[in-house]
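The next block holds one structure in the form of structure tokens; read it before the comments.
The values are calculated or read from the model by the stated rules, or taken from the named source; none is laboratory data. If you're wondering where the values come from, they're calculated on a predicted model, not measured in any experiment. Note: ideal-geometry Cβ built from the backbone for every residue, glycine included; neighbour counts use all protein chains shown. Side chains are part of the model used for accessible areas, which takes the heavy atoms of the whole protein and leaves out ligands, DNA and RNA. Shrake-Rupley method; radii C 1.70, N 1.55, O 1.52, S 1.80 Å.
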Amino acid sequence: MDGLILPDAPFRKRIGLAELCEALGVAQGMTRFVGGAVRDALLGNEVTEADVDIATRHAPEAVMDLLRQAGIRAVPTGIEHGTITAVLASGPIEITTLRRDVSTDGRRATVAFTDDWRADAARRDFTMNALYADPLTGAIFDYFGGVADLEARHVRFIGDPVQRIAEDHLRILRFFRFLARFGDRADPAGLDACTARAKDLMALSRERIRDELLKLLVARDAVRVVALMLDRGILLPVLPEIVAPDLLAHLAAREAEAGIAPHPIRRLSALLPRDAGLADQLGARLKLSNAERKRLVTAAAAPEGAAMPLAYRLGVDSAVDQLLLSERPIAEVIEIAGWQPPRLPLSGGALVARGLAKGPDVARALRAVEDRWIAEGFPDAARVNALADEIVAQALRAASKA
């Protein structure tokens, strides 16, 4: 829309941001905000620090020089691709020289620098991500109808969707993530292109697939969009284990009922068969962290026992996962959400002081005390000491008869 002005969003007041833009010649039209910060500010969404990006006509070396002259620390984090990071008091800001693609292979691009704003916009993925804003006036620069698409919640590739996907195969998953986060409807040509080129995902690293998938799973409209992806066979080439979205919809409803925020690992588990071995294999293939992989495997099991003992033994997060993925009452989830499991107020040394020999006897007695403590609802230290006295006495009597 002509004349649209960027709201006076909080990110525009970040410490040092005005000085940075001044150093980069904002008054001469050399520098603009771009991408996620502009998009989210127009939507009225919170803009995170990671979303604030600056585009500039200056060559990367010139950016480095200008920042040094202004006394701003500059780090050449991706200078071969035109990106310099300015370190401000309020956090880092990436500054990228305008670019055009020279060649692409679906995973990476060779770029050349340009001073043409439209050429830089043309190499971006979706119209809603190709929006620029003047840092001084807030005026929006929209070369491909991104503002109208944003207002219509319409996720649309810039130009030919097949070409955009050929340039970077990850755009298939990004299309669906943006649809889940921002969109009410998908561009039919884009949807058809993603469907036709789904096998291109096989050329991507599993880390890139993981990162996009986990972001998608917690997006606003993830349930509907994942169902659409499965219907279109989008994930079949790279994640054939994911076959049915029914449990995801069930899980999302239970999360909402319990007031529990969605978690990507829990939601990924909802898309898999209840098979710990399969979950472990998938976690390894996606290169999940050790903690994420363990959580995915644990979520595959059915919950056993009462909610609080379950949370004590598994940890609250994993217990919540199991309960939400089951048919257990939501009240049990609410009971343990935010609970801090106590520590057993007893040490092995305290059992030795009561007469047990160091070694296996102490470990067995400590487990027995803990089991009773859990079964009794985590009573106080006085009761734990009484349990310890009782169990040590039993152990000593048994040892004397042996």
Charged-residue dipole, Cβ positions (Lys, Arg, Asp, Glu), the stretch 68-163 about Cα centre, Debye nearest 20:
280
Using a 1.4 angstrom probe on the protein heavy atoms only, line up SER400, SER90 by accessible area, largest first.
SER400, SER90
For the chain, which whole-number percentage of the solvent-accessible area (1.4 Å probe, protein heavy atoms only) is attributable to carbon and sulfur atoms?
53
The answer for the chain, counting only DSSP H helices whose Cα atoms cover 20 angstrom or more along the axis and whose Kyte-Doolittle average is -0.5 or greater, is 360-375, 381-401
Can you put PHE141, PHE175 in order of accessible area, largest first, using a 1.4 Å probe?
PHE141, PHE175
So who's got an amide H within less than 5 Å of the one on ARG99, skipping anything under 5 residues away but keeping other chains? H placed 1.01 Å off N, in plane.
THR114, ASP120
Of PRO237, PRO135, PRO342, the one that fluctuates the most in a GNM where the chain has Cα springs shorter than 10 Å
PRO342
What dipole magnitude, in Debye to the nearest 20, does the chain give about its Cα centre under +1 on Lys/Arg Cβ and -1 on Asp/Glu Cβ?
1220
As a test of the formula, what do you get for the chain when each DSSP H run with n ≥ 4 contributes -39,500 (n - 2.57) and the sum is divided by the residue count, at 222 nm and rounded to the nearest 500 deg cm²/dmol?
-14000 deg cm²/dmol
Rolling a 1.4 Å sphere over the protein heavy atoms, what is the accessible area per residue of the stretch 284-333, to the nearest Å²?
46
Could you bin all the Cα-Cα distances of the chain into 20 Å bins starting at 0 and give me the percent of pairs in each, rounded to whole numbers?
22, 42, 25, 10, 1
With every protein chain kept in place and a 1.4 Å probe, the stretch 173-245 has an accessible area per residue in Å² of 41
Using a Debye calculation, one point per C-alpha and no hydration shell, please list log10 I(q)/I(0) for the stretch 13-60 at q = 0.17 Å⁻¹ in order.
-0.53
Heavy atoms of the protein only, probe of 1.4 Å, neighbouring chains included. What is the accessible area of ILE140 in Å², nearest 10?
20
Distance in nm between ALA18 and SER289 label points, each 7 Å along Cα→Cβ, equals 3.8
So who's got an amide H within less than 5 Å of the one on TYR143, skipping anything under 5 residues away but keeping other chains? H placed 1.01 Å off N, in plane.
none
How much solvent-accessible surface does LEU272 expose, in Å² to the nearest 10, with a 1.4 Å probe and all protein chains in place?
10
Pair VAL162, ALA253: separation of 7 Å Cα→Cβ label points (nm):
4.1
Give, as a single signed number, the net charge of other residues whose beta carbon lies under 13 Å from the beta carbon of GLU327, with Lys and Arg counted +1 and Asp and Glu -1.
+1
Heavy atoms of the protein only, probe of 1.4 Å, neighbouring chains included. What is the accessible area of VAL26 in Å², nearest 10?
10
Work out, step by step, the length gained on full extension between VAL75 and ARG118: first 0.36 nm times the residue separation, then minus their alpha carbon distance; give nm to one decimal.
12.8 nm
With each label point set 7 Å from Cα along the Cα-Cβ vector, what nm distance links ALA89 and GLU151?
3.9
With every protein chain kept in place and a 1.4 Å probe, the residues ARG14, ARG367 fall, from largest accessible area down, as ARG367, ARG14
